1. What net charge is computed for the residues neighbouring Ser27, neighbours being all others with C-beta under 10 Å from the C-beta of Ser27, Lys and Arg scored +1, Asp and Glu -1?
2. How much net charge surrounds Arg212 when only the other residues with a Cβ under 12 Å from the Cβ of Arg212 are counted, with Lys and Arg +1 and Asp and Glu -1?
3. Would you kindly work out the equivalent ellipsoid of segment 93-215 from its C-alpha gyration tensor and give its semi-axes, the square roots of five times the eigenvalues, largest first in whole Å?
4. Fewest Cβ neighbours within 10 Å first, please rank Val127, Val54 accordingly.
5. Residue by residue through segment 78-92, what is 3J(HN,Hα) from phi via Karplus (6.51 cos²θ - 1.76 cosθ + 1.60, θ = phi - 60°)? Round to whole Hz and write x for glycine and proline.
6. Under the 0.36 nm per residue contour assumption, what length would be gained going from the current alpha-carbon distance of Lys46 and Asp121 to full extension?
7. Whole angstrom only: what separates the Cα centroid of segment 20-50 from the Cα centroid of segment 72-126?
8. Applying 1/(1 + (r/R0)^6) with R0 = 30 Å to the Cβ-Cβ distance of Gln14 and Ser215, what FRET efficiency is obtained, to the nearest 0.05?
Amino acid sequence: MSLNVKRVVTGPFQENSFIAWLDDLSSCLIIDPGDDLQKIIDCIHKRNLEPIAVVNTHAHLDHIGAIAGLKKEFGISFYLHPNEKPVLDGYARDCAFFGMTPKETPEVDFWFGKEDLSIGDFSIQLVETPGHTPGGTCLIIKNHAFTGDTIFAGSVGRTDLPGGNWETLSDSLVKAMKIIPDDNILHPGHGVDTTMAIEKKQNPFLIPLLNRVNS
Ligand SMILES: [Zn+2]
Ligand SMILES: [Zn+2]
């Protein structure tokens, strides 16, 4: 069965929320649901999908706005890396910093453990990629990788927000390039989809790190 992915662009940061489902099955995962709750719900209803969980790459304010509403609407659980707790706890502070009104802070139901995740029919490989935030995680399902704000098409995540660190991020980028297969479709938290092969060839932040990938 292959994975279908629908991108919903939300909020002032043009954040990518993703809905992912396997062929022939109606159950779906929601990844990084940002601001526009109704837009995400409409997208799910239009395809007759049944959400079973929200799983996030990280907890920045632009990636979590719809979670509390989706939990209420569908009665589903929210999964997050434990090192994202300080980021989630800083939601109201970060919203004030960007002049935004915070929505309800979502409660985490399951903190990632050391093992990969198995939710319903979905097997999710977790690749811990701290640096943009302390608990940033890339999520690999089938031949798709949800890279959050770690890798973008042609760029990488900023490291100047609380908990960010360039040295840590560069180690994570090397790790991601080693683990995520070249043919994987990358779904970044902002901007368009790409592939690992394209980013290794064209991303100016990844190219200088390639010698560490092959060593
Ligand atoms: Zn972020
Ligand atoms: Zn973001």
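Rule-based calculations on the coordinates, nothing more; no lab input. The model shown is predicted, which means the values in this text are computed figures rather than measured ones. No Cβ is skipped: glycine too gets one built from the backbone with ideal geometry, and neighbour counts run over all protein chains shown.
1. On the way: positive: none; negative: Glu50, Asp121.
Around Ser27, the charge tally is -2.
2. Details: positive: Lys175, Lys178; negative: Asp171.
So the environment of Arg212 carries a net charge of +1.
3. Computed over segment 93-215, the values are 24, 20, 14 Å.
4. Working: Val127 19, Val54 26.
Lowest count first: Val127, Val54.
5. So the Karplus estimates, Gly and Pro as x, are 10, 10, 8, 6, x, 6, 8, 4, x, 5, 5, 5, x, 3, 5 Hz.
6. Numbers: separation 75, 0.36 × 75 = 27.00 nm, distance 2.13 nm.
Answer, rounded to one decimal: 24.9 nm.
7. Between the Cα centres of segment 20-50 and segment 72-126 lies a distance of 17 Å.
8. Numbers: r = 36 Å, r/R0 = 1.21.
Once the sixth-power term is evaluated, E becomes 0.25.
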